[in-house]
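Beneath this line is the structure, given in structure tokens, with notes to follow.
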Amino acid sequence: MRAAVFLDRDGVLIEEISFLTSMRHLALFPWTTDAIRALNRAALPVVVITNQSGIARGLFSEAFVDEVHREIAARLRAGGARIDAYYYCPHHPDGCVAEYARSCDCRKPGRGLVDRAANDLNIDPARSFVVGDKWSDIELARAAGARGVLVRTGHGEAEQSRQNAAISADAIVDNLAAAASWVLENRRSGDRVVGDRQSPIDRRSPI
Ligand SMILES: [Mg+2]
Ligand SMILES: [Zn+2]
């Protein structure tokens, strides 16, 4: 089973604008494509894991979210970068659209989406990373046994100032570019922790 990088979407890959309801407001950060490409080059699967309660709130449809993800994929492809899969939670307990208005196990910090991706893509969550701009993303990392990186983009800066003793990130960095660097630098030690002596990186790393 492989290590992977689970990325939050809004505030991490793209600008956080509360609820993205129009494609006109879709904006990747200037460093997004390069950061994803660096992870691609390292052969780390990159998986988007995103809460999209706007569906339960009646603000947009699942079809629109799929369309946004196709557009993100196209923009990344134009820059030679690729996200391996996109997973979203459409639910919210206070939603107004009946079929989505419920509590679920896939809304972060629940680990339902990570488990689904792990099953679909042969990923080991315990060797993986979660990058997000909210403490709930870091809670997800903890729940999945992954390492959690908080970025200061999106809600990240405000979240950092609300830090409490209950949860701490493995790293707090400026943005996705810095998070990708952190993941690549810390991947080796993570593999060593789980005793993966067969990985080429591990074999050539004298301590
Ligand atoms: Mg976010
Ligand atoms: Zn859900």
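Miscellaneous remarks
- Environment charge at residue 129 (Cβ cut-off 10 Å; Lys +1, Arg +1, Asp -1, Glu -1): +2
- Across the range 131-138, coupling constants 3J(HN,Hα) worked out from phi with the 6.51/-1.76/1.60 Karplus curve, θ = phi - 60°, read 10, x, 10, 10, 4, 5, 5, 6 Hz, and Gly and Pro carry x.
- Against the main long axis of the alpha-carbon atoms of the chain, helix 176-193 sits at an angle near 50°.
- Taking the C-alpha atoms only, the angle from helix 32-41 to the longest principal axis of the chain is near 40 degrees.
- Shape category assigned to the range 1-151 from the gyration tensor of Cα positions, a/c cut at 1.5: oblate
- Distance from the Cα centroid of the range 58-101 to that of the range 37-54 is 13 Å (rounded to whole angstrom).
- Neighbourhood net charge (10 Å Cβ-Cβ; Lys/Arg +1, Asp/Glu -1) for residue 55: -1
- Solvent-accessible heavy-atom area per residue, rounded to whole Å², over the chain at 1.4 Å: 47
- The range 97-157: relative contact order in percent, alpha carbon pairs under 8 Å with at least 6 residues between: 28
- GNM on the chain, alpha-carbon springs under 10 angstrom: the most fluctuating residue among 132, 148, 58 is 58.
- Between helix 62-78 and the chain there is an angle of about 40 degrees, using the helix long axis and the longest principal axis of the Cα atoms.
- Positive dipole terminus of the range 23-103, leading residue within 59, 74, 98 (C-beta point charges): 74
- Nonlocal amide H pairs with residue 130, under 5 Å, H built at 1.01 Å: 6, 147, 148, 149
- Length-normalised contact order for the chain - Cα pairs under 8 Å, 6+ apart - percent: 22
- The range 62-168 shape via C-alpha gyration tensor axes, a/c threshold 1.5: rounded
- Share, in percent, of DSSP beta bridges within the chain that are antiparallel, nearest 5: 5
- Net charge of neighbours whose Cβ lies under 9 Å from the Cβ of residue 10, counting Lys and Arg as +1 and Asp and Glu as -1: -3
- For the range 1-78, carbon and sulfur atoms together expose 50% of the accessible surface, with a 1.4 angstrom probe and every protein chain in place.
The values are calculated or read from the model by the stated rules, or taken from the named source; none is laboratory data. This structure is a prediction, so every number in the text was calculated from the model and none was measured. Here the Cβ is made from the backbone with ideal geometry for all residues, glycine too, and neighbour counts use every protein chain on show. Side chains included, ligands, DNA and RNA excluded: accessible areas come from the protein's heavy atoms. Shrake-Rupley method; radii C 1.70, N 1.55, O 1.52, S 1.80 Å.
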